[in-house]
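The numbers here are math on the coordinates, done by the rules we state, and not lab data. Here the structure is a predicted model, which is why all the values come from computation and not from measurement. Glycine also receives a Cβ, built like all others from the backbone with ideal geometry; neighbour counts cover every protein chain displayed.
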There are 2 protein chains.
Amino acid sequence: MNKFEKAQEVLRELGGDGWLIICVEDSDINSRFMIGVESHARHYIYVAADGNHKIVAVEMEAPMIERSLKKKGVKAEVFSYKSMKELDGLLSPIVTKTRVALNFGENVLSPEGTGFADFINAGDYLSMKKLAPQTEFISAAPIIGALRAVKTPDELKDLRNVCKATIEILETIPDWVKVGMTENDIKAKLEYEYMKLGKPSFGSIVATGAHSADPHHNTSLKKIEQGVLLIDSGLQIDEMSSDITRTFWVGSNPPEDFIKAYTALYEAKNVATDYFTDGTPKNLPALKCREHLTAKGYDHEKLFFHGLGHSLGFVAHDIGGGVSWKVPEKYKFKENMVFTNEPGLYWRDKWGIRLEDDIIVGKGKCEQVTKVSKIPILI
Amino acid sequence: MNKFEKAQEVLRELGGDGWLIICVEDSDINSRFMIGVESHARHYIYVAADGNHKIVAVEMEAPMIERSLKKKGVKAEVFSYKSMKELDGLLSPIVTKTRVALNFGENVLSPEGTGFADFINAGDYLSMKKLAPQTEFISAAPIIGALRAVKTPDELKDLRNVCKATIEILETIPDWVKVGMTENDIKAKLEYEYMKLGKPSFGSIVATGAHSADPHHNTSLKKIEQGVLLIDSGLQIDEMSSDITRTFWVGSNPPEDFIKAYTALYEAKNVATDYFTDGTPKNLPALKCREHLTAKGYDHEKLFFHGLGHSLGFVAHDIGGGVSWKVPEKYKFKENMVFTNEPGLYWRDKWGIRLEDDIIVGKGKCEQVTKVSKIPILI
């Protein structure tokens, strides 16, 4: 069953006539997920419950979309437009239906809302309501969830491959990173290696010294110092991504407090790992991880101020939600979901340590696709 | 006058209390434009007409935003949230005003609409309407236009620098590109060079042979053949981007029809160049370019099926609109706008040629920041 057929199945459950993806300048990653090619100009993908799929794309991009769909074995009619003036006429028959799903989120300010499905821009949403005032537009959250949260065997195979390739590259870091290089030099070299195989799944975070205390530090031109070096990066090959963080020590003899924190974090991560299992509440790994940190004397509320992990897949932050002690109990893991497991401890103006591995949720036991070193790697 | 002050000025003209940018997972590039740092998690930037600017960001990203604003000399209060449950309470006093600008577009299906300002996701737009039902939300298009369409002297200086750096890298291509490398190998090497200085301003298009007939070809693992090699790429350093296309011939003795088309395109581009001047209708360069192609025997409607260029700046596709023969006459160039000038000729299943340079609109004459070779470069 291909993605279009799977979406049709969910559409029928929802009583929907179709699912419309509107993508402008890469605003909706679900476009590439469905058609297998990056189309940058304004385009529309209509997955029809009855199988009469339609794509509306700008003239210069339509042929490559047609070829990509053919390669994927998806039958869809591709309409090409030369000028935006044609859009009303092309789109009106597509959306003048009873019920059409669009990629908008509901209650996005609530952690229990469907913000994860909120891709359509407001102007586009309003334009569809205006074009088809009789149509009921519903959130496509259930479709996006069904297609992307639980991974297929092929996707899991690709995940293992991309993780293996990433680890092989990360393992070379101590060979070529030197004091005096900039954070940006390391990012460039790392992403160059990624690009030979695929592309970076996000902009690598390379953080030296106190920069590592910002979990989302923007890689800079600062030179690598003796001390902490945190590298958070990922690779994407075809349709699967990795997302891995390693915290190194540049120099010999890392101080006692660094080793102690690294070790506590390593153990806390292992404690969490046991709870990435089918049917387990998503807050449990984080709660257990934080319990361990507390037992080791760390004020986790102050020092570990982000979630434990997030869904991973087609993109680094994939559909499937976060793993955090704040996730309501009722949200549970499902077999073959993929998550990062990435606890961190951060001391402002001093350093941060984060250890991040990628995990497949299993029936009684998860699969640790990557495994960080038990002791800090020295550079 | 910094960007916040400039935005305040436009806000006063619009009678607006403030401008709210809502950015989730990099959905709105105006966020980095304003605060100078990439914040990935859900965050809010409120530029207040009265100068009491406010930022709401997740706990783990708030400190780096604070530091970036300080560096830029912008005074803003940064509120950090730990859980989405706090957002209603934090945002309500910010948007409960008379009139607030949001980044949504109006009439986005019309070429004369403000789709260029359509960044906010639908769910977020609806959440603001729900949170502050008495507030009038207006499109921020005039603010975004005022801040980004016409470039400042500093931005133009940065543009010249980034173009110079890009050209220096592109000029090395014939030295290292070989038959047998893949398109992806070339992209990787090119972007590695870009990343040493900044980062790619978009994913490079490397197209060998018939792939060059797709203007937005997705760089693949295909090996470079003898014949056409089209490379469309760009570099971003700090806050300015380049976007340049070169079409090479791999091998000796390019065929007559290739040289003839390359030359006609080169001339047509030069013809267009003269019309990138203050006060000139934006359709004129494209009309003149197409006239020349027709005179040289090319069916431009069939072979040149995209616009002549687009605004360039903070991002490769910047605010400031397109340059096309279809743009209504009333839209005119303004001094210090920056555009690409990139005519192309494409023969499906055979090859495509595109020559793209970057241009600053001048009073009576434009500044050609980059200049493609008059004759095809051989590799």
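Please state, rounded to one decimal and in Å, the Kirkwood hydrodynamic radius that the stretch A:3-148 gives when every pair of distinct Cα atoms enters the mean of 1/r.
With all distinct Cα pairs of the stretch A:3-148 included, I get 15.2 Å.
Expected output is a single nm value to one decimal: the length gained when fully extending between B:ASN253 and B:ASP349, i.e. 0.36 nm times separation in residues minus the C-alpha distance. What is it?
32.5 nm
How would the stretch B:217-334 be classified by its alpha-carbon gyration tensor: rounded, prolate or oblate, with rounded meaning a/c under 1.5 and the a/b versus b/c comparison settling the rest?
Oblate shape, in that a/c is at least 1.5 and b/c is the bigger or equal ratio.
Label A:ARG160 and B:GLU112 with points 7 Å out from Cα along Cα→Cβ: what is the distance between them in nm?
6.0
Helix B:122-131 sits at what angle to the longest principal axis of chain B, using alpha carbons and giving 0 to 90 degrees rounded to 10?
Between the helix axis and the principal axis of chain B, the angle is about 20 degrees.
Expressed as a whole percent, how much of the Cα-Cα distance distribution for the protein assembly as shown exceeds 34 Å?
Across the protein assembly as shown, Cα pairs with separations above 34 Å total 50 percent.
Residue by residue, what Karplus-based ³J(HN,Hα) values in Hz, rounded to whole numbers, does the stretch A:168-174 have, using 6.51, -1.76 and 1.60 with θ = phi - 60° and x for Gly and Pro?
Coupling constants for the stretch A:168-174: 4, 6, 4, 5, 7, 3, x Hz.
Within straight cross-link reach of B:LYS288, meaning Cα distance under 16 Å, which aspartates and glutamates are found once same-chain residues fewer than 8 apart are removed?
B:LYS288 reaches B:GLU267, B:ASP274, B:ASP299, B:GLU301, B:GLU329, B:GLU342.
For B:THR294, which inter-copy label distances result when the label point lies 7 Å beyond Cα on the Cα-to-Cβ vector, reported in nm to one decimal and in ascending order?
Here the equivalent label points are 7.8 nm apart from this one.
By average Cβ neighbour count within 10 Å, what is the ranking of B:40-49, A:8-17 from highest down? Show your work: numbers first, answer last.
Working: B:40-49: 22.6, A:8-17: 17.7.
Result, highest mean first: B:40-49, A:8-17.
At a Förster distance of 25 Å, what's the computed FRET efficiency of A:LEU221 paired with B:ASP26, Cβ-Cβ distance as r, to 0.05?
Values: r = 22 Å, r/R0 = 0.86.
E between A:LEU221 and B:ASP26, to the nearest 0.05, is 0.70.
Got a sec to turn the phi values of the stretch A:82-91 into Karplus ³J(HN,Hα) couplings, 6.51 cos²θ - 1.76 cosθ + 1.60 with θ = phi - 60°, whole Hz, x for Gly and Pro?
9, 9, 4, 4, 7, 5, 3, x, 6, 7
Can you tell me the Rg and the Dmax, both Å, for the Cα atoms in the stretch A:84-212?
For the stretch A:84-212, the Cα radius of gyration and maximum Cα-Cα distance read 22.2, 64 Å.
Identify the residue of chain B whose Cβ lies closest to the rotation axis that maps chain B onto chain A, and give that distance in whole Å.
B:TYR192, 2
Which distances in nm, rounded to one decimal and ordered from shortest, link the label point of A:ARG12 to the equivalent label points in the other identical copies, with labels set 7 Å from Cα toward Cβ?
Here A:ARG12 shows inter-copy label distances of 6.3 nm.
Tally Lys/Arg at +1 and Asp/Glu at -1 over every other residue whose Cβ is under 15 Å from the Cβ of A:VAL10; what's the total?
Its environment carries a net charge of 0.
For n ≥ 4 DSSP H runs only, could you compute -39500 (n - 2.57) per run for the protein assembly as shown, divide by its residues and tell me the 222 nm figure to the nearest 500?
The helix-only estimate for the protein assembly as shown comes to -10000 deg cm²/dmol at 222 nm.
Using a label position 7 Å from Cα in the Cα→Cβ direction, what is the ascending list of nm distances from A:PRO281 to the same site in the other copies?
6.7
Output the pairs from B:LYS6/B:LYS72; B:LYS71/B:LYS334; B:LYS151/B:LYS199 with a Cα-Cα distance over 19 Å in this structure; if there are none, say none.
Those over the limit are B:LYS71/B:LYS334; B:LYS151/B:LYS199.
For chain B, take the longest principal axis of its alpha carbons; what is the angle in degrees between that and the long axis of helix B:62-72, to the nearest 10 within 0 to 90?
For helix B:62-72, the angle is close to 70 degrees.
Taking the Cα atoms only, what angle lies between the long axis of helix A:284-295 and the longest principal axis of chain A, rounded to 10 degrees?
20
Pairs B:LYS157/B:LYS350; A:LYS302/B:LYS70; A:LYS54/A:LYS189; A:LYS260/A:LYS363; A:LYS222/B:LYS178: which are spaced more than 30 Å apart, C-alpha to C-alpha?
From the list (B:LYS157/B:LYS350; A:LYS302/B:LYS70; A:LYS54/A:LYS189; A:LYS260/A:LYS363; A:LYS222/B:LYS178), the Cα-Cα distance tops 30 Å for B:LYS157/B:LYS350; A:LYS54/A:LYS189; A:LYS260/A:LYS363; A:LYS222/B:LYS178.
Taking every Cα atom in chain A, find the radius of gyration and the maximum pairwise distance Dmax, and write them in Å.
22.6, 70
In nanometres, what is the gap between the two model label sites at B:GLU136 and A:LYS365, each 7 Å from Cα along Cα-to-Cβ?
6.6
Let me check I've understood the local charge: for A:GLY364, count other residues with C-beta under 13 angstrom from its C-beta, Lys and Arg +1, Asp and Glu -1. What total comes out?
Residues close to A:GLY364 contribute a combined charge of -2.
Each residue of the stretch A:41-56 in turn: what ³J(HN,Hα) in whole Hz from Karplus with 6.51, -1.76, 1.60 and θ = phi - 60°, glycine and Pro shown as x?
Result, ordered by residue: 6, 3, 8, 10, 10, 10, 8, 9, 4, 8, x, 8, 5, 9, 10, 10 Hz.
What is the fewest-to-most order of A:ILE144, B:ILE173 by other Cβ atoms lying within 10 Å of their Cβ? Can you show the working numbers first?
Numbers: A:ILE144 24, B:ILE173 17.
Fewest-to-most Cβ neighbours within 10 Å comes out as B:ILE173, A:ILE144.
Quick query: amide H of B:GLU77 versus all other amide H atoms, modeled in the peptide plane; which residues come in under 5 Å with a sequence gap of 5 or more or a different chain?
Amide H to amide H, under 5 Å and 5 or more residues apart or across chains, B:GLU77 pairs with B:HIS53, B:LYS54, B:ILE55.
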